[in-house]
Structure formats: structure tokens, C-alpha cells
Amino acid sequence: MGSVDRIAEPWGTRTPYGSGGEWPVRVDTRLDDGLGEADVDRWVQSATILHSNGDGLDIAVKAGRIVGVRGRAVDRVNRGRLGPKDLFGYQANNSPDRLTTPLIRRDGELVETDWETAMTAVAGRTKELLAERGPSAVGFYTTGQLFLEEYYTLALIGHGGIGTNHMDGNTRLCTATAAEALKESFASDGQPGSYTDIDHADVIALYGHNMAETQTVLWTRILDRLAGPNPPQVICVDPRRTPVAAAATVHLAPKPGTNLALVNALLHEIIANDLIDRDYIDRHTVGYDELEKQVADCDPDWAAAVCDVPAGDIRDAARILGQAERLLSTVLQGFYQSHQATAASVQVNNINLVRGMLGKPGCGILQMNGQPTAQNTRECGADGDLPGFRNWANDQHVSDLAKVWNVEPAQIPHYSEPTHLMQMMRYVEDGSIRFLYVSGTNPAVSLPELGRIREILSQERLFLVVQDIFLSETAQLADVVLPAATWGEKTGTFTNADRTVHLSDKAVDPPGQARADLDIFIDYARRLDLKDKDGQPLVKWTDAEGAFEGWKRCSAGRPCDYTGLTYEKLRGGSGIQWPCNDEHPDGTERIYLDGEFWSSPSYCESYGKDLLTGAPLDPVEYKAMNPSGKAVLKAAEYLPPHEPPTPEYPYLLITGRTLYHFHTRTKTGRVPQLQSAAPDVWVEMSALDTEQLGWSEGDRLRVSTPRESVEARLRISSIRPSTLFLPFHYGYWDAADGDHHRAANELTITDWDPASKQPLFKSAAARVERISLGDGPSAAPTTTGSKPFAHGSVPDTRGGAQAMVTEQLAGEESRQ
């Protein structure tokens, strides 16, 4: 049949299957030009690194170089399939501008140095500040793309050794609300659902989740269900007409900032029409009466006025949700990065809970992650929480962790909840944090209100360390830059959004003097001379497998129990879902079966917060509310957004992602196929708005908020009227025309959700003006949510010969 252009066809060839069936195998393979599988020296087991789906793959190695990838047919997550970022992203490893030697700032310039000089400077400045100012002068900001073993080692250094409370991950930007929403409803992190729920569900509801672009292989699974017998109905909540919306039975496009009002109205209809499981509610939940009272007046007519969505569509969606026999609900950035993020996401949990739809095939919740190892950041404590989903407000949990680490409980900071990133930036701004260690992330592009962030990171009194694989915009501001190894160049494990643990073995050596993040952290701990209370080294391992065994001891008896896993068990087959222990030796597909939750007061990770203020509940309050450890139906009142439109700024600006890039393009911007598919920033407006203004596709526009302006080419799309969309991937330093104002986060506001502390990237009032006529269409892809409104007005996005991929269907010869 020939190979497939997987830029033009991101989801590949359909393999239809019906409800309750097994997803057929389709193995996707991409090798460097001129190579066939017979040319590969060896294949090395791994999984994908440029999204949260966790697709199993093998890395092709030839002459010590990564030359391609192949999906793993045996893997439960993808059954051999790979998405465009999976298929082409490996080429970033081989980029000629990889960091290969440490850099240190001398006379205002970054110059090459050796590891000894660099690490002496890093450890030396840490020691100076600890002596002068104490642990609170030191902060750590990491990523969602390292390995479990590296996060756990970092958390041990920061919490158990240095004793700082200032530690967070860039999971704060993408999945902090996922974690918090799960804590609010179930008193613990951990996804209730499994990807296999797609195989059984008769209704799939996606809330602010453009799965088609953020988890392409998972969307492929849904597409194959839709193409088979007994397809599920799909509910989509998104202000843009994404591929998900195009496939939906009902598409609800609310005004940005009104998600909570919409979901409260859905709950109102489900409850008012008695489409609830009263027995499940009575036996397994607390808080129903308050929820019923809160949504009593939130009827569809009220919500229609608030959300600018037809009341009839809200009723249709509620009926489908209320009559579903097997309901799978998923949530992502459209809720997480918007106004009242946690409150809205919790109401999605409430829909499944009042319908009694948890713990059974097809009945699940996925408060989705955005990064490949975001789950590990949270489990291991690198987001500031205590490792193993321990409760910082429970003294017994702190004592238990202190025993694991062999330190005094007082050494582990637990006097308040961990410092979230945006608060850390304020501490840097006011000078109380003087040392910031950034690993694997690029806050100079990804944080809100970038002008302020650049000023903060550029302060003379701040000692900034950046550990990365490229000289990112953030690395350019650093005092010391440490060259790191990346995926394929080191060994470790990582866990995806449905708790599936994969092993990634080292395939090739890193370039030059680059080192694995784990090795750098261990070196840092040694130079700080961190000890346990018996005078032995605090970090007791020297390699990845040793760190994994250390983590297993830390996870024992906790919700994320890894004690039944070993590197050997993870080699050769599929990924395995935690908890995996003596009770569940083969892993656990779904949790919360039969209403058994991890929410008892003595065991739970969190006592929860007030959804409107973020004020934490104390142990006495929680025990009085939930003595038996049930799920919590937590209600919340809708409040208007903080920055509404005005006559001066009449539009609402939202930011987001495109299928072809990941985060700030540190990797994907260096991959020819991905960069060519989406080479530069664009701004989306509705056909109604542009017709009224007399503007055309490709015109150059200036988008402004009260903070800054950016310039971008116009894409006329099917976005809702009075709404603007900017992809956030594009930095300011590498624009082809030298323009330093194209990053979407120049415009976003310094504001965050009160409960999850996740920044609100989708809540800015904006104005827009045309600064020049276009000389052709914008560079926005046509295959995604940025599809042009007028069909045929813009050339189709294609990858051509460089984007051809081999697909082998089960029982068929490979497509050559």
C-alpha cells in the first residue's frame, strides 16, 4: 500500500474495532533516509519522551548513533503506534548544537570550562548561602521529562539534605491541577482510569482536552473505536473547533473563563433528572447534599448566558452523560490553565462519582498529564510534595519518610505546604532566594508575563544554574550551564498518565562531556557532603538501578507502590501499571474498585483545600468531614474571571499547543519535519470577527494585553468569536526577522489558581490590530485545531518524502 506521510496524516491508518474488543496492532517504524531494518545494529527498549502518553518504542542504533524508532507491538499503551513527535523527534538528539561542555559566566559572558570548575562553583555557592542565609535561600525548579530515579534523588537532596521547601517542577504549568483535582476528590494523587477504558466506554467526554494534538496515539485509539461497530458518543468542551470537536456528538464551546459554570450546569441537569446512582453516592461519597444545593440554580439557561453556549446543547450533553452506561472523562489544559481550574476539574470528577462510574471497564477519569514523566515528578516529591504521596501535614508520614532517609524528621521541611513556582519567583524577585537550580525546563519562555520573568532571572544577586541539553533562552541567562544527557543516552524509568511504568535503556553515549542528570545530582550531593544521621552519605546509590531500588523502599505501602517492579521485569514486554506489589504482582489496571479509596485520614496524601480561596483543611476538619475515607463530592460557586474584556481590550486570549511541537521547541524546533509543519507563531481569529474587520488570512497582526504586545500572522479558523488563540511554543530569541516579541507568554498574566497554584495562561483580555497586509497564508498547520475556516483557501500541511513512515498492520506485510 505504500508508506504514509505522517505529517499530513498524524494519526495514521485506521484499524477499527468494537466495544470490548482488543485494539489491533499497527507497528509504525521510521528510520533515517536510506536505511532499512536490516541495517540497524541493535534495537534498544524505551518509550516516548515528547508527550504524556507513554508509547512504548524501540530505538534503532547504528554505529553508535540513534537512527530511528519503532513502536512496540506488545505494549499496552500504543500497540505499536507512534505519533509524529515520536517518529521524528529522535533527530534532536543528533543536533549539532547540543551542549557538550560546561559553561561558566566570566566578565558577563558564558565561556567553556571543565566539570570540576563548574561543579565547584555550583556547590560552593550553595554552601555559602546555606551558611549565610540557611536553606530558604536555595530553590530547585525541574521538569516533567527526566527519569523517576533523577527526581527521587533531587527530592532527597533538596528535602532531606539541604532542607529547603523551595522545590517545584514545570508540572506546575501543566498538571498541578490534575494532581490537585485528584487530591480534592480522592485525597490522593493517582489516576483512577486506564487507557483501556477507551475500549469499553460508550461515552467519552473530553474537557479542555485536545487529545488529537496532545496525545496523538490515544486519540488514534478513539478514532479506531469511532470507525468500528458500536462507536462511543463523544462530548467535547473546547472554545476551538479542534479535531476532537469535529468528531464530537456534542461540541460545547464556552467563553474562556466559564468552565465551572458549564460543568455545574451539566451536574444540575444530571441531578435534576435523577440520572444519578444514589446507592453509590450513599455508600462511597460524602458531600452530596452540598453539591446538590450548589448546582440547584445552575440550570442550562443560566449557564447559556454565562458561557455563551446554547442551552439546548448543554441539555443534550447532560443527557448523554447521564444516560451513559460506561463513561470515560478526560481533562487537560483547557481546564487546568483557565479560571477556577481546580474547581472546574473537580466537577468533572463529580460527574463520574454521582453516576457511580469508577473502577469498572469503560468507567474512568483521566486528569491528564502534559509531560512524559510528570507523574514521576509528583510521586517522587520533585514538585515539592513529599515522596510517595505522603501528607506534609501528617507528622506520622513525615516521620516515616525520615526513617526511609535515615534523617531527623525536623530536617524535612513540613512547616507549610511546599513553595509553588510562582511564589518562588516572587522570592527570587525580593531577594530571599539567591540560588536557583533549573533542570530540564525553559522558564524564560514558558512562564507568564515573560518581561518580568527575564528581569527576575537576570538579577545580579541570583546565582542561576541551568542543566539542559541545549543553550535555551533560560540557559543564556545562567551563571553556570551543565550539559546533560537526554532520553536514549541514559537509563531510567518513567511513568505515564495512566500509571504505566516503562524502562528506557541507554542506547548511545551522550555527546562530548554531557552527563546523565542522575550523575550530576549525585556529584552535587557528594560535593555538599550531605550525610544521614549516622554520618553515612545521604544519597546511597551510584547508578540508576540503585536509585530505583531506593525509590521502591520509599514507595512501599503507599498508593504508588513500586515494590513488585524490577528493571528485569520491565525489560522485554509491556509497561506495567502501579501499584505493583505482592498483592498486585502484575500491576493494577484500575484503582478505586468497589469504592475503596486512599482517603482515610491516617493514610491520605492531602486533607484538601477550599476551592475558592486555596486555604488548606486541617486534620481535624478533614477527619470530621470524611472519617471513613470516602470520595469527596466538593462543590464550588462560579465567580467571574479576574481580567474580563474591556472596551480597550475586547477579546479573550487563550494560549495552547500544536500537534507538531512540544513546550518551548527546545527539541522539536530542531526536527526538520516538525519545524516545517509549524515553523512560526500565528494568531487564530474567527471568521465572524475577521469579516467585520475586513482582514484576510496571513495578515500581520499585533496582539496586545495590558502587559506587552506580540506580532503574528493571522489564521482565520473556527475558533469561537471574540476569542484569540496563540500557540505558546515560540520563543523570542530565534525569530527569523529578529523580532523579540513573538512569545505568547509576553502577554499572559501573573495569576494562578488558588488551589493548584497553576498559572492562568488562558485568562487574558486582549486587543488586536492589523499592522500589514499578508502576502500569503500564515504558517499554521491545516491538519489540527488551526485548520482554516475556508476549506481549500490554504495549502494542506504535508511532510513530503522526509515524513514517510512504514506502517505494518497485524497480519499484513509492512508498507514499504
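Just one of the numbered conditions (1) assigned to a loop (DSSP other than H, G, I, E, B); (2) farther than 30 Å from His209 by Cβ; (3) modelled with pLDDT of 95 or more is not true of Ile7: (2). Is it true that Arg553 is under 30 Å from Phe597 (Cα atoms), out of contact with any His (no Cβ under 7 Å at 6 or more places or on another chain), crowded, with 22+ Cβ neighbours inside 10 Å and among the charged types (D, E, K, R)? Here the answer is no, as Arg553 does not meet what is asked. For beta carbons closer than 6 Å, sequence separation of 6+ or different chains, a first residue in the range 380-398 that is in the same structural domain as Trp551 (by TED's automatic domain parsing) and crowded, with 24+ Cβ neighbours inside 10 Å and a second that is polar (S, T, N, Q) and assigned to a helix (DSSP H, G or I), the qualifying pairs are Asp383/Thr171; Asp383/Thr377; Gly388/Ser555. If you check Gly139, Gly144 for being in the same structural domain as Glu429 (by TED's automatic domain parsing), closer than 19 Å to Gln333 by Cα and crowded, with 24+ Cβ neighbours inside 10 Å, only one passes: Gly144. From the residues in the range 568-590 that are among the polar types (S, T, N, Q) and touching a strand residue (DSSP E or B) at 6+ places or on another chain (Cβ under 9 Å), which one is farthest from Gly56 (Cα to Cα)? Among them, the one singled out is Thr588.
Name the helices (runs of 4 or more DSSP H) wholly inside the range 290-345 in which the number of residues that are touching a residue at least 24 places away in the same chain (Cβ under 8 Å), charged (D, E, K, R) and in contact with a strand residue (DSSP E or B) (Cβ under 9 Å, 6 or more places away or on another chain) is 2 or more.
Working: elements: 300-307, 311-323, 333-336.
Correct list: 311-323.
Starting from residues that are assigned to a loop (DSSP other than H, G, I, E, B) and within 29 Å of the chain's Cα centre (by Cα), keep the ones in the range 33-49 and report whichever is farthest from Gly573 (Cα to Cα).
Here is the first cut: in the range 33-49, the ones assigned to a loop (DSSP other than H, G, I, E, B) are 33-36, 40-41, 48-49.
From what is left, the residues that are within 29 Å of the chain's Cα centre (by Cα) are 48-49.
Values: Thr48: 15, Ile49: 18 Å.
Across the range 33-49, the extreme among qualifying residues is Ile49.
Scanning the range 162-185 for residues being touching an Asp or Glu at 6+ places or on another chain (Cβ under 9 Å) and in a helix (DSSP H, G or I) gives a total of 9. Taking the range 798-816 as the range and being part of a strand (DSSP E or B) and modelled with pLDDT under 95 as the test, only Leu809 passes. Go through the range 231-250 and count every residue that is out of contact with any Ser or Thr (no Cβ under 9 Å at 6 or more places or on another chain) and surrounded by 22 or more Cβ atoms within 10 Å (Cβ to Cβ). Total meeting the criteria: 3.
Here Ile235 passes the criteria (1) part of a helix (DSSP H, G or I); (2) out of contact with any Asp or Glu (no Cβ under 6 Å at 6 or more places or on another chain) except the one numbered (1).
Only a single item in (1) assigned to a loop (DSSP other than H, G, I, E, B); (2) under 30 Å from Ser458 (Cβ atoms); (3) modelled with pLDDT of 95 or more; (4) of a type outside the set (Val, Ile, Thr) is not met by Leu110, and it is number (1). When residues in the range 267-289 are screened for being touching a residue at least 12 places away in the same chain (Cβ under 8 Å), out of contact with any strand residue (DSSP E or B) (no Cβ under 7 Å at 6 or more places or on another chain) and assigned to a loop (DSSP other than H, G, I, E, B), 4 of them pass. Examine the range 651-659 for a residue that is within 23 Å of Ala305 (Cβ to Cβ), more than 28 Å from the chain's Cα centre (by Cα) and either assigned by TED's automatic domain parsing to the domain that holds Thr486 or not β-branched (Val, Ile, Thr) (or both), and state whether such a residue exists. No, the range 651-659 contains no residue that is within 23 Å of Ala305 (Cβ to Cβ), more than 28 Å from the chain's Cα centre (by Cα) and either assigned by TED's automatic domain parsing to the domain that holds Thr486 or not β-branched (Val, Ile, Thr) (or both). Only a single criterion out of (1) at pLDDT 95 or above; (2) in contact with a Ser or Thr (Cβ under 7 Å, 6 or more places away or on another chain); (3) within 29 Å of Leu328 (Cα to Cα) is not satisfied by Phe435, namely (3).
Within the option set Pro627, Pro647, Pro641, being in contact with a His (Cβ under 6 Å, 6 or more places away or on another chain), in a loop (DSSP other than H, G, I, E, B) and surrounded by fewer than 24 Cβ atoms within 10 Å (Cβ to Cβ) holds for one residue only, Pro641.
To keep it simple, each residue is scored yes or no on (1) among the small types (Gly, Ala, Ser); (2) under 27 Å from Thr220 (Cβ atoms); (3) free of Cβ contacts under 8 Å to residues at least 12 places away in the same chain.
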| site | (1), (2), (3) |
| --- | --- |
| Thr613 | no, no, no |
| Gly629 | yes, no, no |
| Thr668 | no, yes, no |
| Leu674 | no, yes, no |
| Ile719 | no, yes, no |
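Can you pull out the residues in the range 436-452 that are more than 16 Å from His729 (Cα to Cα) and surrounded by fewer than 24 Cβ atoms within 10 Å (Cβ to Cβ)?
Pass one, the range 436-452, residues more than 16 Å from His729 (Cα to Cα): 436-439, 451-452.
Hits for the range 436-452 are Gly451, Arg452.
For every residue, the table says whether it meets (1) buried (at least 24 other Cβ atoms within 10 Å of the Cβ); (2) among the charged types (D, E, K, R); (3) under 22 Å from the mean Cα position of the chain (by Cα); (4) outside any loop (DSSP other than H, G, I, E, B).
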| position | (1), (2), (3), (4) |
| --- | --- |
| His51 | yes, no, yes, no |
| Asp75 | no, yes, yes, no |
| Asn78 | yes, no, yes, no |
| Leu82 | yes, no, yes, no |
| Thr100 | no, no, no, no |
| Glu116 | no, yes, no, yes |
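For the range 565-580, which positions are part of a loop (DSSP other than H, G, I, E, B) and surrounded by 19 or more Cβ atoms within 10 Å (Cβ to Cβ)?
Filtering the range 565-580 down to residues part of a loop (DSSP other than H, G, I, E, B) leaves 565-566, 571-575, 578-580.
Matches in the range 565-580: Leu565, Gly575, Trp578, Pro579, Cys580.
Within the range 737-776, if we keep just the residues that are among the β-branched types (Val, Ile, Thr) and under 26 Å from the mean Cα position of the chain (by Cα), the residue that is nearest to Pro679 (Cα to Cα) turns out to be Thr748.
Could you say which residue among Gly792, Gly800, Gly811 is surrounded by fewer than 20 Cβ atoms within 10 Å (Cβ to Cβ), on the phi > 0 side of the Ramachandran plot and in contact (Cβ under 8 Å) with a residue 12 or more places away in the chain?
Numbers: Gly792 fails: in contact (Cβ under 8 Å) with a residue 12 or more places away in the chain; Gly811 fails: in contact (Cβ under 8 Å) with a residue 12 or more places away in the chain.
Criteria check complete, one pass: Gly800.
Given Leu701, Leu714, Leu693, which one is at pLDDT 95 or above, more than 29 Å from the chain's Cα centre (by Cα) and either assigned by TED's automatic domain parsing to the domain that holds Glu213 or surrounded by 19 or more Cβ atoms within 10 Å (Cβ to Cβ) (or both)? First the steps, then the outcome.
Numbers: Leu714 fails: more than 29 Å from the chain's Cα centre (by Cα); Leu693 fails: either assigned by TED's automatic domain parsing to the domain that holds Glu213 or surrounded by 19 or more Cβ atoms within 10 Å (Cβ to Cβ) (or both).
From the options Leu701, Leu714, Leu693, the qualifying one is Leu701.
Count of the range 186-197 residues, restricted to those that are crowded, with 24+ Cβ neighbours inside 10 Å and in a helix (DSSP H, G or I), is 3. Based on this model, can you work out whether Asp561 counts as within 30 Å of Ile198 (Cα to Cα) and acidic (Asp, Glu)? Against the criterion (within 30 Å of Ile198 (Cα to Cα) and acidic (Asp, Glu)), Asp561 qualifies.
Quick check on my filter: what residues within the range 481-505 are among the charged types (D, E, K, R), touching a Phe, Trp or Tyr at 6+ places or on another chain (Cβ under 8 Å) and either on the phi > 0 side of the Ramachandran plot or surrounded by fewer than 24 Cβ atoms within 10 Å (Cβ to Cβ) (or both)?
Going through the range 481-505, the residues among the charged types (D, E, K, R) turn out to be 489-490, 498-499, 505.
When the remaining residues are screened for being touching a Phe, Trp or Tyr at 6+ places or on another chain (Cβ under 8 Å), the result is 490, 498-499.
Within the range 481-505, Arg499 is the sole residue that qualifies.
The values are calculated or read from the model by the stated rules, or taken from the named source; none is laboratory data. Since the model is a prediction, treat every value here as computed from it, not as a measurement. Cβ coordinates were reconstructed from backbone atoms using ideal geometry, including for glycine residues, and neighbour counts include every protein chain displayed.
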